[in-house]
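What follows is a set of notes on a single structure, which appears directly below.
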């Protein structure tokens, strides 16, 4: 009889534990936000993705270091966590002077020229240009350059957006060095983590990812762009021998792109690296593999769409009629080994 009671008690205890665990799981899922992929040609079309408990929100509250993201071309169709600032070791990034990691996962440098503009991405309905700043110390035959601003042209009506790091003699961590404008009008984005600005036309959404100097720019169904403003530090200056002047800290942008769709003919310094037929000319084994293309990608201004290799047509051709590239854009960090992300191998 006592043995039967023990079995019964054990059964009820086990049942209570299972019910408690089930309740906790339900609560966690209820607290996590969800999104559904509506990209028709993606493997995750109409599949709902729920944020992990480690990052339950797409727009987390103040102080959160990670946000939830979905990738409609992720083969396992699961939402993941990512840092809220650019990952300079991830695919689609452009940092330093400037160091790119392409859609193929290969690291390369593109120096361009100071005070000139170059197309980073040129696609049928999206163009992203960059203005380079820099200097050339005595005895050097090439400019040191950094990305100072971005110019975006997108959508069926060729909307324009620009984002720049404002010039500063000395870097002040308590000053916002970001200037934003949409369709030629400056945007007033309140200081404060998670502060947002959305235009009524629905083409663009901007969210601060820290109190100052960092934002996430979202172009729905086109791209997400993480941006951070940083100076050239004294340590950088000593290591690389930039010889920056006393009256300019060369505030510049760290950038990372995540594209929702691209056409097979996408061009640009960075855009071309997403093409299936692209053969990266970066030499393996070289410490700083420099890739050219200044003449192909130079534009007349920050918001000019014409260059020798540009393909932007103002969105007049619908991408629905074009087979898009399959974009596996899991964050890659090649500092931790040869294999990173989902099905991505880091190469030197």
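The values are calculated or read from the model by the stated rules, or taken from the named source; none is laboratory data. Please read all numbers here as calculations on a predicted model, not as lab measurements. Here the Cβ positions follow ideal geometry from the backbone for every residue, glycine too, while neighbour counts run over all protein chains shown.
Rundown of residues vs (1) touching a residue at least 60 places away in the same chain (Cβ under 8 Å); (2) touching a helix residue (DSSP H, G or I) at 6+ places or on another chain (Cβ under 9 Å); (3) buried (at least 19 other Cβ atoms within 10 Å of the Cβ), yes/no style:
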residue: 68; (1), (2), (3): no, no, yes
residue: 71; (1), (2), (3): yes, no, yes
residue: 74; (1), (2), (3): yes, no, yes
residue: 77; (1), (2), (3): no, no, no
residue: 84; (1), (2), (3): yes, no, yes
residue: 89; (1), (2), (3): yes, no, yes
residue: 93; (1), (2), (3): yes, no, yes
residue: 103; (1), (2), (3): yes, yes, yes
residue: 106; (1), (2), (3): yes, yes, yes
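Tell me which residues, restricted to the range 38-55, are at pLDDT 85 or above and within 20 Å of residue 205 (Cβ to Cβ). 49, 51, 55 - these are the residues of the range 38-55 that are at pLDDT 85 or above and within 20 Å of residue 205 (Cβ to Cβ). Of the residues making up the range 93-106, those that are closer than 21 Å to residue 264 by Cα and either outside any loop (DSSP other than H, G, I, E, B) or outside the structural domain of residue 142 (by TED's automatic domain parsing) (or both) number 3. Just one residue in the set 296, 234 is modelled with pLDDT under 95 and over 20 Å from residue 219 (Cβ atoms); that residue is 234. Only one of the numbered conditions (1) farther than 19 Å from residue 273 by Cα; (2) under 14 Å from the mean Cα position of the chain (by Cα); (3) in the same structural domain as residue 150 (by TED's automatic domain parsing) is not met by residue 81, and that is (3).
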